[in-house]
Amino acid sequence: MSTQPETGKAPPVLKSEAQIIIATVDQLDDLTPLFDAYRVFYRQASDAENTKKFLSERMHLRDTVIFMAYVNSRAVGFTQLFPSFSSETLERLWILNDLYIAPEMRGKRIGAELIQRAKQFVVQFGAKGLALATEHTNLSGQKLYEREGFELDEIYRHYFWEAQRNQ
């Protein structure tokens with residue numbers, strides 16, 4: 001299925017003013033408040049100290065790739081990818097686990113640019129694709145993902161088991 005209009009002309013690409021980079025430990029101080037705000041968005045208690053520790057561990061263990069968006073040298077958004085595999089197709093895939101844009105910067109195509117950069121990475125890496133999940137109530141996120149070419153999985157039902165930990 002072609003993504004081009006029937007006229008053969010590509011639709012205009014609207015770009016934001018964002019600079020997209022791969023985050024390193026050098027960006028932890030910029031990333032931590034955004035990531036903490038993301039967690040609060042998903043009804044978690046704010047915890048900047050443990051957020052920074054979590055991100056630092058992920059980076060040091062190299063089990064994540066985080067793209068950050070900057071506008072005028074200010075961090076305004078990020079997306080985090082985790083590696084995974086498809087046993088069915090015997091290929092690596094990536095999970096787009098987190099995407100967050102500062103509220104005052106939403107609607108400026110920054111989320112779309114972060115997704116586009118993640119897609120480029122997946123292609124360069126030779127992986128199968130990107131998987132993601134979002135809450136049923138996250139309608140703006142769902143619209144963004146669909147605009148960016150993600151398709152709703154209507155074949156598989158996803159479940160989750162949560163371990164009971166001693167508190």
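Scanning the range 1-57 for residues that are modelled with pLDDT of 90 or more, touching a strand residue (DSSP E or B) at 6+ places or on another chain (Cβ under 7 Å) and part of a loop (DSSP other than H, G, I, E, B) returns 18, 23. Checked against (1) out of contact with any Pro (no Cβ under 8 Å at 6 or more places or on another chain); (2) assigned to a strand (DSSP E or B), residue 149 passes all but condition (2).
Can you confirm whether residue 159 is within 28 Å of residue 29 (Cβ to Cβ) and not aliphatic (A, V, I, L, M)? Break it down stepwise before answering.
On the way: within 28 Å of residue 29 (Cβ to Cβ): no; not aliphatic (A, V, I, L, M): yes.
No, not satisfied.
Each row is one residue, and each column tells you yes or no for (1) out of contact with any helix residue (DSSP H, G or I) (no Cβ under 9 Å at 6 or more places or on another chain); (2) at pLDDT 90 or above; (3) crowded, with 18+ Cβ neighbours inside 10 Å; (4) not in a helix (DSSP H, G or I).
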residue: 92; (1), (2), (3), (4): no, yes, no, yes
residue: 100; (1), (2), (3), (4): no, yes, yes, yes
residue: 143; (1), (2), (3), (4): yes, yes, no, no
residue: 161; (1), (2), (3), (4): yes, no, no, yes
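For beta carbons closer than 9 Å, sequence separation of 6+ or different chains, a first residue in the range 98-112 that is among the acidic types (Asp, Glu) and a second that is in a strand (DSSP E or B) and surrounded by 19 or more Cβ atoms within 10 Å (Cβ to Cβ), the qualifying pairs are 98/66; 98/78; 98/79; 98/80; 98/81; 104/76.
If you go through the range 37-59, how many residues are among the small types (Gly, Ala, Ser) and under 17 Å from residue 77 (Cα atoms)?
Within the range 37-59, the subset among the small types (Gly, Ala, Ser) is 37, 45-46, 48, 56.
The next check asks that each one be under 17 Å from residue 77 (Cα atoms); those that pass are 37, 48.
Residues meeting the conditions: 2.
Within the range 143-160, residues that are closer than 25 Å to residue 116 by Cβ reach partners that are basic (Lys, Arg) with beta carbons closer than 9 Å, at six or more positions or on different chains, in the pairs 148/119; 149/119.
The values are calculated or read from the model by the stated rules, or taken from the named source; none is laboratory data. Since this is a predicted model, take the numbers as computed values, not measurements. Please note: Cβ atoms are built from the backbone with ideal geometry, for glycine as well, and neighbour counts cover all protein chains shown.
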